[in-house]
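Engineer: Right, I'll just put the structure down here and ask away after.
The values are calculated or read from the model by the stated rules, or taken from the named source; none is laboratory data. Just so it is clear, the structure is predicted and the values come from calculations on it, not from any experiment. Don't worry about glycine lacking a Cβ; one is built from the backbone with ideal geometry, like all the others, and counts go over all protein chains shown.
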Amino acid sequence: MKLPDSYRNPISILGTIIASIAFTTIALLMVLTYFFHVGSVYFDLFTFIVVPIFFVGGLVLISFGMFITWRRKKKGAKRFPEINLNDRKQRNAASIFIVVTVVFIIMTVLGTNEGIKYSESREFCGTMCHKAMNPEYEAYHHGPHAEVSCSDCHVGEGVDYFVKAKISGMRQLYKYITGSYNRPISTPITSLRPASQTCEKCHWPQKFYTYLLRSEKYFLTDSANTEWDVVLKMKVGPDNPALGLAEGIHWHINSDIKIEYKANEKRDTVYWVKVINSKTGKETVFLDEAQTSVNMNTINKIDSRTMDCMDCHNRPAHEYRSPSNFVNSLLIAKKIPTYLPWIKKIAMDALWNKDYSTLDSAKEGISAYITGVYQKKYPQIFTKYNQEIKDAISYIQEEYSHNVFPEMKINYSTYPRHIGHLETNGCFRCHNNTFKSADGKVISNNCDLCHTILAQGAKDTVKYTNISKSLEFKHPIDIGNIWKEAHCRDCHNELYKH
C-alpha cells in the first residue's frame, strides 16, 4: 500500500514503530484485564495511563514528521497541503487515518473510563505514592469508612471538583517525584467540599437520633491493670425524637440555627462565634475573653466559616489513635491479658515520648524496653509469663505500626481529632466558659450539656444511677478538683501522662 511521499521520513517511521508497539501492548493488556481479570495498581497504571501516552506520542510523531517533510519540499509554494482523494496515495493515507482514528477513539473511550475509575480507586490513592500516603491509607483501612471510595469524599460529584482534583493530583505527583512534599502532609482543610455535598449523601441531617448509651473501659497503670468502667448517656439528640434537633449535640446542625465562627488556619483555636436564629433573625456574637494572642483587627480580617459536620467529625476516615487508646483496646479484646502484671504501665512507658526515627527502630525499641523492664525489675514475672509478654509485644508493635509513622513524622497528635475532649481541645474550642456575648450569655462547658454519667468506678465497685440522673465525675486517680478547672487534654496529651 503506497503512502504519501511525506510519510517517508525517519520521524514518521519512528512514530509508527512506537505507536504500533504501544497499540499492540494496549490490546494485549486490555485482553488480560477484561477477559482474564489480571490487574494490580501498577498493572492498571501501565495499561491505562503509561502505554496510551506512548501511543499518542507515536501518532504525534507521525504527523509531525509528515508536516516537516512537506514543509521542506513545498517551501515557498502553497501554504497548506492539498487533499485530493483521487490520488491513490492520499486515499490510502486517509483510509489508514480513518481506521486508526475509529479504533483509537474506541480504545480511548474504554481506556479513559478505566483510567478515571483507576485514578479514583483506593489502591491508586493509597499505594501509588506509597511512601507519602501510606499513613493515610493505613489509617483509612482501620477506620469506619474503609469501604467508601476515596473520591466519594475527596472529589464527590460534579465536573468542577473533578477537574480541581485532577489538577491538584498532578501537582501532588510532581511533589512526590521531586520529594518536595511535606512531612507530615498537611490536611487539605480549605479545599475539602462542604459536608452537605459529601457526608450528607449518606448521613441525613433530617434523620433525628435520640440519646445513645456509650460504655467505656479504661485500664489503670497499677500492677493489676485495674479496669475502670464508665457508662455515658450521650445526648446526641433529645430524649424524645419528636423534638428533632431542638436539643442535644446535633443541635449544632439544626436547620433553624446557623453557627459561624472564625479560627486559626488549623481550626483548632476559635476566636469568634456567631449564632443566628433563622426564624427570628436574631444574631448573637461570642468572643473569647481569655484569648489574648490575636487582636480584634486581625479577627475581623479572618473569613468566617459556617459550622457543619466536619468541624467536629474532622477525622472520619483517617484517625490516628493514641497509645493509651489502642493499648486499652488490646486489653479489652484480651489480646493482652489483664492478669499480666504492670503491662499497661510498661507498654505506655515504651510508647510515650520515645524518639523512634523509623518503624523498624520503633519495633525494636518497644520490644527491647518491655523485655528489659520485666527482666530487670520483675524477673519472676518474666519467667512465668514469658509467652504472654512476647505476644503482648507483638500486638503492641502491630498497633503502633497502624497509628504512628516516624518517617512521615506522624503520630496521633499530628492531626487532632475534634470529637470529644479527652486528648484534644475538641468541644472545649468553644465550650470553655470564656466565650461571652455582649448581653452576658456564655458558651458553657457544663459536662451535662452533652452527656451524663450513669455508671463509673473500678470493675468490682461500679456505682450506678438511673437514666434520668447523673453521677458527678470521679477521676480514677485522686486529683482533687483539678479536673473541674483544667482541660482533660492538659494531662491526656502526647506527654507522659496517662
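Engineer: Among the listed residues 320, 261, identify the single one that is crowded, with 19+ Cβ neighbours inside 10 Å and assigned to a strand (DSSP E or B).
Structural biologist: 261
Engineer: Of the residues that sit in the range 328-347 and are of a type outside the set (Lys, Arg) and surrounded by fewer than 18 Cβ atoms within 10 Å (Cβ to Cβ), which one is nearest to residue 389 (Cα to Cα)?
Structural biologist: For the range 328-347, the residue satisfying everything is 337.
Engineer: In the range 213-258, which residues are part of a strand (DSSP E or B) and of a type outside the set (A, V, I, L, M, F, W, C)?
Structural biologist: Residues satisfying the conditions are 214, 215, 216, 217, 218, 227, 229, 233, 258.
Engineer: Scan the range 25-38 and tell me whether some residue there is polar (S, T, N, Q), at pLDDT 75 or above, assigned to a helix (DSSP H, G or I) and under 30 Å from residue 125 (Cβ atoms).
Structural biologist: yes
Engineer: Between residues in the range 186-197 that are buried (at least 16 other Cβ atoms within 10 Å of the Cβ) and residues that are at pLDDT 85 or above and hydroxyl-bearing (Ser, Thr, Tyr), which pairs lie under 7 Å by C-beta distance while being six or more apart or on different chains?
Structural biologist: 187/415
Engineer: Another question, if that's okay. Of all residues in the range 335-361, count the ones that are part of a helix (DSSP H, G or I), of a type in the set (Gly, Ala, Ser) and in contact with a helix residue (DSSP H, G or I) (Cβ under 6 Å, 6 or more places away or on another chain).
Structural biologist: The qualifying residues number 2.
Engineer: Still on this structure, please answer the following. How many residues, within the range 388-444, are crowded, with 21+ Cβ neighbours inside 10 Å, out of contact with any strand residue (DSSP E or B) (no Cβ under 6 Å at 6 or more places or on another chain), outside any loop (DSSP other than H, G, I, E, B) and of a type in the set (Phe, Trp, Tyr)?
Structural biologist: Final tally of qualifying residues: 2.
Engineer: Just to verify a result, which residue in the range 452-498, among those that are among the small types (Gly, Ala, Ser) and part of a loop (DSSP other than H, G, I, E, B), is modelled with the lowest pLDDT?
Structural biologist: The extreme case among them is 486.
Engineer: Cβ-Cβ distance below 8 Å, separation of 6 or more or different chains: which pairs start in the range 1-29 with a residue that is under 16 Å from residue 52 (Cα atoms) and end on one that is among the hydroxyl-bearing types (Ser, Thr, Tyr) and buried (at least 17 other Cβ atoms within 10 Å of the Cβ)?
Structural biologist: 26/47; 29/47
Engineer: Does the range 355-374 hold any residues that are over 9 Å from residue 406 (Cα atoms) and among the hydroxyl-bearing types (Ser, Thr, Tyr), and which are they?
Structural biologist: 361, 367, 369, 371, 374 - these are the residues of the range 355-374 that are over 9 Å from residue 406 (Cα atoms) and among the hydroxyl-bearing types (Ser, Thr, Tyr).
Per-residue answers, yes or no, for (1) modelled with pLDDT of 75 or more; (2) among the basic types (Lys, Arg); (3) out of contact with any Gly (no Cβ under 6 Å at 6 or more places or on another chain):
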| position | (1), (2), (3) |
| --- | --- |
| 91 | yes, yes, yes |
| 95 | yes, no, yes |
| 98 | yes, no, yes |
| 102 | yes, no, yes |
| 109 | no, no, yes |
| 113 | no, no, yes |
| 118 | no, no, yes |
| 130 | no, no, yes |
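Engineer: Now for a different question. Kindly provide the set of residues from the range 348-362 that are of a type in the set (Ser, Thr, Tyr) and surrounded by 15 or more Cβ atoms within 10 Å (Cβ to Cβ), ordered by number.
Structural biologist: 356
Engineer: Somewhere in the range 194-212, is a residue within 30 Å of residue 469 (Cα to Cα) and assigned to a strand (DSSP E or B)?
Structural biologist: Scanning the range 194-212 turns up at least one residue that is within 30 Å of residue 469 (Cα to Cα) and assigned to a strand (DSSP E or B).
Engineer: Which of the residues spanning the range 127-179 are among the β-branched types (Val, Ile, Thr) and either in contact with a strand residue (DSSP E or B) (Cβ under 8 Å, 6 or more places away or on another chain) or farther than 24 Å from residue 196 by Cα (or both)?
Structural biologist: 127, 177, 178
Engineer: Out of the range 234-244, which residues are surrounded by 15 or more Cβ atoms within 10 Å (Cβ to Cβ) and either more than 25 Å from residue 200 (Cα to Cα) or without any contact (Cβ under 8 Å) to a residue 40 or more places away in the chain (or both)?
Structural biologist: 236, 237, 238, 244
Engineer: Tell me yes or no: at least one residue of the range 418-426 is under 30 Å from residue 356 (Cβ atoms), among the hydroxyl-bearing types (Ser, Thr, Tyr), modelled with pLDDT under 95 and not assigned by TED's automatic domain parsing to the domain that holds residue 344.
Structural biologist: yes
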